[in-house]
1. Just give me the residues in the range 44-53 being surrounded by 12 or more Cβ atoms within 10 Å (Cβ to Cβ) and either assigned to a strand (DSSP E or B) or free of Cβ contacts under 8 Å to residues at least 12 places away in the same chain (or both), in sequence order.
2. Looking at K284, K292, which is the one that is surrounded by fewer than 18 Cβ atoms within 10 Å (Cβ to Cβ), more than 14 Å from the ligand (Cβ to nearest atom) and more than 30 Å from V139 (Cα to Cα)?
3. Residues that are under 24 Å from the mean Cα position of the chain (by Cα) and either touching a residue at least 60 places away in the same chain (Cβ under 8 Å) or under 30 Å from W394 (Cα atoms) (or both): list the helices (runs of 4 or more DSSP H) wholly contained in the range 264-346 that include at least 2 such residues.
4. Can you pull out every residue in the range 246-267 that is at pLDDT below 95 and crowded, with 21+ Cβ neighbours inside 10 Å?
5. For the range 6-31, give me the residue count where each residue is assigned to a strand (DSSP E or B) and surrounded by 13 or more Cβ atoms within 10 Å (Cβ to Cβ).
6. Would you confirm whether or not the range 54-75 contains a residue that is touching a Lys or Arg at 6+ places or on another chain (Cβ under 9 Å), assigned to a helix (DSSP H, G or I) and not small (G, A, S)?
7. Any idea which of (1) over 30 Å from D152 (Cα atoms); (2) away from the ligand (no atom under 14 Å from the Cβ); (3) at pLDDT 90 or above; (4) in a helix (DSSP H, G or I) is the one I377 doesn't satisfy?
8. Evaluate the following for R316: is it touching a Leu at 6+ places or on another chain (Cβ under 7 Å), within 11 Å of the ligand (Cβ to nearest atom) and at negative phi?
Amino acid sequence: MQNNIYKLTDPQGKISEFPLREGTFGPGTLDIGSLYRDLDVFTFDPGFVSTASCESKVTYIDGDKGVLLYRGYPVEQLAERSSFLEVAYLILYGELPIRSQLDSFVNTIRHHSLVNEAILRFFTGFHYDAHPMAMMAAVVGSLSAFYHDSTDIHNPRHREVFAHRIISKMPTLAAAVYKHGIGQPFVYPKNDLDYCANFLNMLFSVPAEPYQVDSVAAKALDLLFILHADHEQNASTSTVRLAGSSGTNPYAAIAAGIATLWGPAHGGANEAVLNMLREIGDVKNIDKVIAKAKDKNSGFRLMGFGHRVYKNYDPRAKIIRATCHKVLQKLGRDDDPQLELALRLEEIALKDDYFIEKKLYPNVDFYSGIIYRALGIPAHMMTVMFAVARTVGWVAHWQEMIADPHMKIGRPRQLYTGSPKREYLDIGKRK
Ligand code: ACO
């Protein structure tokens, strides 16, 4: 290395030089864009273990120290002192709003909450037992069939209107997904309620009864949404960027992100954690489960544990863990045996050599499901809740990418190990 230039020499003596790019924090990043041109080779990094896929100013994670910053602000401070829509503004626009900016943003988000009636009719095509994430991916994707007046992705104002619309409509669609599954009528948004209270009202009120949103529940939901709002280049965000890089309709790109979030290795883990805790059932079965998680032949992993980036306690899990007891107590649900089970499971796992050596700690999904459950949200709806909050991050990353004048379509290379070239044989001549 010389003056922050790394050099690679191939067996014929040809040289390629890679400048080391330094970010605000974190490891330097080698710019290998010239490698193929200079040496006629690709790099191989399945799962992007050592590869930065983009430059970004939105979120920073220090996985070794357990640090998470949105636009430079520690998530702990935002969780304690901010609100979901203020955090959404920060993530989207890069700065905390002054009062008039926040008021105007909140007002705008409030007033985009209705969805076209035609979208609500799509639900009749789904069985009552369709998975909520299947419905969510489909109806969000279907938004791309509307709003032709404002989806010129090269127009910054169109991009902003898209951002407001999708953030505002996600709770309406998520609540419709839930209502469809339980056979209750859809509840329309009430724009005099704030974001999370409105969402809870659409989820749990019915036309036949008066319903009062519990302010403790709304506050707890707001906290979970702050913690789920963004997490830099995770699988679903990278999917939104990749889909969006082709210039596709942004609602379609968000639908791709929802599909990716669904998987149990990503956002689907919150549902999987609750299912796992239900199956464990009792503290006396924990040792067996830990042994199974350590057995490579079992194909089982401790859900809600481990993370590609965090090799320390996930700061979001720390906040949720600390809040869990308080919230459950305020909601009168502090007798939840799953919380005790989860705490005990964590305690045992964190003392186990396997988890210590591999630096496997609880992630955000380990405790979030317990709060969602206390709010009355069933396990199969939990990844939908995550998707509503993460939409803010998806949109911010999509915006950042589209606004970049150097944006290129995402198009990875491959190491081909298939058959060499061969000749087509007529069917009668094949063995
Ligand atoms: N239980 C048991 N062993 C585990 C676990 C776990 N939860 N997580 C990782 N390991 C082991 C792996 O078997 C592997 O062991 P090895 O080195 O002996 O082969 C080692 O730890 C490293 O694991 P990888 O799979 O290589 O790590 P990766 O970064 O690819 O995966 C992931 C991260 C997918 C989150 C993984 O830890 C996992 O499957 N966890 C459970 C699912 C989960 O909770 N996902 C939510 C993540 S947070 C989010 O997306 C919102």
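1. Quick first cut of the range 44-53, residues surrounded by 12 or more Cβ atoms within 10 Å (Cβ to Cβ) only: 48, 51-53.
Scanning the range 44-53 gives a single hit, T51.
2. Details: K292 fails: more than 14 Å from the ligand (Cβ to nearest atom).
Residue meeting the stated conditions: K284.
3. On the way: elements: 269-280, 286-294, 315-330.
Where helices (runs of 4 or more DSSP H) fall fully within the range 264-346 and carry at least 2 residues being under 24 Å from the mean Cα position of the chain (by Cα) and either touching a residue at least 60 places away in the same chain (Cβ under 8 Å) or under 30 Å from W394 (Cα atoms) (or both), they are 269-280, 315-330.
4. G267, the sole residue that qualifies.
5. The initial filter retains those residues of the range 6-31 that are assigned to a strand (DSSP E or B), namely 6-9, 15-21, 29-30.
Checking the rest, the ones that are also surrounded by 13 or more Cβ atoms within 10 Å (Cβ to Cβ) come to 6, 8, 16-20, 29-30.
Count: 9.
6. yes
7. (4)
8. Details: touching a Leu at 6+ places or on another chain (Cβ under 7 Å): yes; within 11 Å of the ligand (Cβ to nearest atom): yes; at negative phi: yes.
Considered against the rule, which asks whether it is touching a Leu at 6+ places or on another chain (Cβ under 7 Å), within 11 Å of the ligand (Cβ to nearest atom) and at negative phi, R316 comes out as yes.
The values are calculated or read from the model by the stated rules, or taken from the named source; none is laboratory data. Keep in mind that what you see is a predicted model, and the values were worked out from it rather than measured. Here Cβ is always computed from backbone atoms with ideal geometry, including for glycine, and neighbour counts include all displayed protein chains.
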